[in-house]
Ligand SMILES: Cc1ncc(C[n+]2csc(CCOP(=O)(O)OP(=O)(O)O)c2C)c(N)n1
């Protein structure tokens, strides 16, 4: 029996070790830019919520941006991603603009659902984003379907799906993994192990020492990665994406991180030991990457420019979204069912 606990971070796979030593600076700067934009939007949403400027709920992925950003940056333009409630960064990289995201949170028009759905339920299949399904992890069987279609039609397209540690206890999760291994689908499965599913800690969620170890049971590689190390996430996911595209089948990736906020803004997370949160706050993925970029001789002014540009984007987005109109109730039933062109991603040229 291993003496590792489920809260420890892994550090024993080759892609991860290599990532720690060889930071690719242009990729590092892209990771920094997208993580910073995601954080800036979610920080602003928290302020707006407290000011009473935000209707409805607020769920964020602050502190775990390295996973959606590192993963989505490893995809090609025509690949598909299935983001969930902690994955704003993946939506942004695949083309959802800050303004569209703000409009969604404010229930305005001018984003893919045009006010018929709200907050994190955003996506656009024409941009390769399958919008979140609330029933967790029901986007996984859908991602499997994308994978099977891509193999069958020889599209060369990879589909990446995210879920949390809690979602891995469901039947849909296990059935998806079984079929993915069986059909050798071009999927990358990313678990964001943030140690809590609402108030349930991982110790009460599963008995296995790691979730990645389940990969072997389904006939696919299972890899653990430090989910607060953006470049390590990018490297591990890129390896899995390249393998999937080359016909090498799926990979299960367990990215270790910590939910440093409550489940959502209404939850003070008082059930989480304070020292656990503090320990992980010291490993803020944006600060870690910034320090590595500085060590790699990227100047502080370059990083400050990126931060400034991100804040400006958010301010512009908030202004435009707040000024935008609400939907016309007369159009409530339009496009409730997917338009025919929703399947058009299949007809796009092969992804190279
Ligand atoms: C099938 C299902 N059961 C319950 C819920 C309610 N719910 C929403 S988020 C959540 C916690 C999920 O935990 P996890 O999968 O670890 O993801 P995290 O929120 O920690 O990122 C729960 C129970 C749901 N959305 N779907």
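No lab work stands behind these numbers, since they all come straight from the coordinates. If you're wondering where the values come from, they're calculated on a predicted model, not measured in any experiment. No Cβ is skipped: glycine too gets one built from the backbone with ideal geometry, and neighbour counts run over all protein chains shown.
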What distance in nm separates the two pseudo spin-label positions at residue 274 and residue 204, each 7 Å out from Cα along the beta-carbon direction?
2.1
Using a 10 Å cut-off around each Cβ, can you sort 268, 165, 43, 284 from fewest to most neighbouring Cβ atoms?
268, 43, 284, 165
Kindly put 243, 57, 50 in sequence by how many other C-beta atoms sit within 10 Å of each C-beta, fewest to most.
50, 57, 243
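Send over the Kirkwood Rh of segment 253-303, from the inverse of the averaged 1/r over different Cα pairs, rounded to one decimal Å.
13.1
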Would you mind pulling out the separation of the Cα centroids of segment 20-64 and segment 177-192, in Å?
28
How many angstrom lie between the C-alpha centres of segment 276-308 and segment 89-163?
28
Out of all DSSP beta bridges in the chain, what portion is antiparallel? Express it as a percent rounded to 5.
10
With the cut-off at 30 Å, report for the chain the share of all Cα pairs above it, as a whole percent.
34
As a footprinting exposure proxy, order 142, 120 by other Cβ within 10 Å, with the fewest listed first.
142, 120
Most to least packed among 285-296, 31-42 [average Cβ atoms within 10 Å]:
31-42, 285-296
What does the helix-only formula give at 222 nm for the chain: each DSSP H stretch with n ≥ 4 adding -39500 (n - 2.57), the total divided by the residues, and the result rounded to the nearest 500 deg cm²/dmol?
-13000 deg cm²/dmol
